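Let me begin by presenting the structure, written as structure tokens, before commenting on it.
Every number here is computed from the coordinates shown, using simple stated rules; none is lab data. On a predicted model such as this, the values are computed, not experimentally measured, just so you know. Methodologically, a virtual Cβ is constructed for each residue, glycine included, from the backbone with ideal geometry; neighbour enumeration extends over all protein chains shown.
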Amino acid sequence: MGKTLAYKILESHLLEGNLKPGEEIKVKVNQTLTQDSTGTMAYLQLEAMEPEEVQTDLSVAYIDHNMLQSGFENADDHAFIASAAEKYGIIFSKPGGGICHQVHLERFGIPGTILIGSDSHTPTGGGLGAIAIGAGGLDVAVGMARGIYYLTTPKVFQVELTGSLPPMVNAKDVILEVLRRLTVKGGVGYIMEYTGEGVKNLSVTDRATICNMGAELGATTSIFPSDEITRKYLKRQGREKDYLPLSPDADAIYDNSISIDLNTLTPLTAGPHSPDNVLEIKDEKIKVDQVAIGSCTNSSYGDMMKVAEILKGKQVHPDVSLVISPGSANILRQLSENGALSQMILSGARILESACGPCIGMGQAPKSEGVSLRTFNRNFKGRSGTKDAKVYLVSPETAAVSAITGYLTDPSTWSAPVIEEPDSYGKVDHYFVYPKEKDKRRKTTMMGPNIKPFPLNTALPNTIEKKIIFKAGDNITTDDIVPSNAKLLPYRSNIPHLASFAFTTLIDDFEQRAKENHGGFIVGGENYGQGSSREHAALVPLYLGIVGVIAKSFARIHRSNLINTGILPLVFKNKEDYEKLEEGDLLRLDNLKETIGQGDLRLKVVNKDIDILLELTLSPREEAVLREGGYLNYSKHLDGGKK
Ligand code: MIC
Ligand code: SF4
């Protein structure tokens, strides 16, 4: 039976377990990446494991999220991360170097390797034929300390592409089409594997755009083959030596499959407030206040050049604020050298530094009830920093054209720019601080007052009796659980401070409820914890005494983060039982020490005198982690990835 590309790579990295969907496997990790808003936690956890140095081929610590230094906090975090990078032999990418996923693609990603990153959009690396997975900071810390990663073996979903993209249709429209068909839950439990003749008509950065937003499908990761296009891209980046041709077997069997004829695609948009609210762009005269171009989804050289060409000789509409953030310092340099930057500036665009910026609410919050078009990947309510703003996700072409017209505009009637990629992209090296020789490295890290210890759980008790303090609906995001914006990002290493803001996108008094009840349970609907990989969405509940979350289903990374902190991720055996539970109900789980790991758990709703069956399907490792009260307590039992 032929093999998928995803399984070929997983198999070549397999250290333990069987490649059977649903079973947990342990794989060797070649590379890790962190960014600054999850990195402080990851490096605190790495320190707690006391390794001498990282056990990967390459690890990079990027600074790209918390870029506003309006107080000492972000600067403290950056100094801590820089010192941890030096102590453990990690490459440090200074602020200004660019967005982690874009820079990693340019400088470090290698076909056929396994990369794990403390950011949900790490799958961007699948554009180069790598298995690149987003994970919680603690999983990445273990990846660095031991060179290993545990994951539930995913199924493989084939997306067969034929044809080529029409003018003014972007790779963004391909992934929006996939989201339209499959929704934000459609990729859960799968690796999305792109195949077919159409693949040849997409550049590596197009492929990266598609893999990037596979995160919005809930997929474990996404991957493209590594072919001549990949070789040429690596050559232009000055690292042809990293090329390795890779493809699935011709008779590979997939667990699921869809086909997309690229020729038939038109420009699409995801309307407020979900990436799967995909709409055709009609001439409805939706007036636009702000346009933001950039983010790890659409900030490549090719995308920036298309934008510059569309803006050339034109004027940004007087009512629109257009902001542009190129994905890396090197892209910014190229734009400045070839004149594209001037075209952008002459049109009236605001140029931002190469960083996440508005995508994570670091500035550029739209005006009240404002309409913002963004080439980004998430448009959850409030994420832009303005609760009542309406954010539409679009391609760079749609964004640039709409910035000129002042309305959400279908770009297909405009003449399409033709972009030639240069023979060499050149490089900018001085934003990297490379590791020193082992004996010359610093021995301690630098901890400013912003860095507070993180909460640690204790061993699993035999009985838990707590109230439901909050009942939520479907698709709760980690942006709901622990919101992020310019005011809160500086506190990513300060869990007590973040605790006051838990769930504030939905209710005002979560912290108070938790304090009054000495913790409790949370109830959720489908796909609980989708979105960001931030483990703060588990650490804050842990700090507030949450013992378990009962949901219809969980998003992959968040479920792992809950287990890593020792919080029980419980699933309704019968989804209708969701209706039976209310805020204030007193719940009891008895005999946990005996029953955990045995499958279903019986939950007593004490005040209603009824029982409900809950599923807790765990690998033996996950069971042990929960028994010990979290992954850090358990990590002493781990051995490394070197066979
Ligand atoms: C995001 O896009 O939501 C983030 C900010 O990059 C997060 C990480 C974080 O919360 O720090 C992610 O995608 O994992
Ligand atoms: Fe940064 Fe936005 Fe990408 Fe997250 S999605 S890594 S915030 S650019």
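Between Lys636 and Glu228, what FRET efficiency follows from the Cβ-Cβ distance if R0 is 45 Å, with the result rounded to 0.05? Step by step, r from the Cβ atoms, then E = 0.45. Ranking of Ser37, Ser412 by neighbouring Cβ atoms within 10 Å, starting from the fewest: Ser412, Ser37.
Ranked by the mean number of other Cβ atoms within 10 Å per residue, highest first, peptides 319-332, 393-406, 245-258 order as 393-406, 319-332, 245-258. For the stretch 438-539, the Cα-based Rg and Dmax, in that order, read 16.5, 53 Å.
Sorting 587-597, 142-152, 210-220, 82-92 by their mean Cβ neighbour count within 10 Å, with the most densely packed peptide first, gives 210-220, 142-152, 82-92, 587-597.
Per residue, the average separation of C-alpha pairs within less than 8 Å and at least 6 apart gives the stretch 554-637 a relative contact order of 35 percent.
With neighbour counts taken as other beta-carbon atoms within 10 Å, the residues Ser415, Ser59, Ser347, Ser336 rank, fewest first, as Ser415, Ser336, Ser347, Ser59.
Distance between the modelled labels on Thr617 and Met49, one decimal in nanometres: 2.7 nm (7 Å Cα→Cβ projection). Each part gets one Cα centre, and for the stretch 229-258 versus the stretch 413-450 those centres are 24 Å apart. If you take every DSSP beta bridge fully contained in the stretch 134-244, what fraction is antiparallel? Give it as a percent rounded to 5. Around 10 percent of the beta bridges assigned by DSSP in the stretch 134-244 are antiparallel ones.
Checking the cross-link pairs Lys471/Lys580; Lys387/Lys552; Lys387/Lys580 against a 22 Å limit on the alpha carbon distance flags Lys387/Lys552; Lys387/Lys580 as lying beyond it. Taking every DSSP beta bridge with both residues inside the stretch 504-643, roughly what % is antiparallel (nearest 5)? Percentage antiparallel, nearest 5: 55. When each of Ser354, Ser222 is scored by the number of other beta-carbon atoms lying within 10 Å, the sequence from fewest to most is Ser354, Ser222.
The stretch between Glu23 and Asn256, if pulled fully straight at 0.36 nm per residue, gains 82.1 nm over its current Cα-Cα span. A simple spin-label model places the labels of Glu240 and Glu594 6.9 nm from each other, with each point 7 Å out along Cα-to-Cβ.
Need one number: % antiparallel among DSSP beta bridges in the chain, to the nearest 5. Looking only at bridges with both residues in the chain, the antiparallel portion is about 35 percent. At an R0 of 25 angstrom, the distance between the Cβ atoms of Val606 and Ser500 translates into a FRET efficiency of 0.25. Provide, as a two-decimal number, the C-alpha radius of gyration of the chain over 2.2 N^0.38 Å, N being how many residues it has. Working it through for the chain, the quotient is 0.91. With a simple spin-label model that places each label point 7 Å from the Cα along the Cα-to-Cβ direction, the separation between Arg442 and Asn201 comes to 5.2 nm. Sort out for me the Cα centre separation of the stretch 584-634 from the stretch 337-366, rounded to whole Å. Centre-to-centre distance over Cα atoms comes out at 49 Å.
When the chain is fully extended, how far beyond the present Cα-Cα distance does Ile351 get from Leu68, taking 0.36 nm per residue of separation? Separation in residues times 0.36 nm, less the Cα-Cα distance, equals 100.3 nm. The angle between the Cα long axis of helix 72-88 and the longest principal axis of the Cα atoms of the chain comes to about 80 degrees, rounded to the nearest 10. Of the peptides 224-231, 10-17, the order by per-residue mean of other Cβ atoms within 10 Å, starting with the highest, comes out as 224-231, 10-17.
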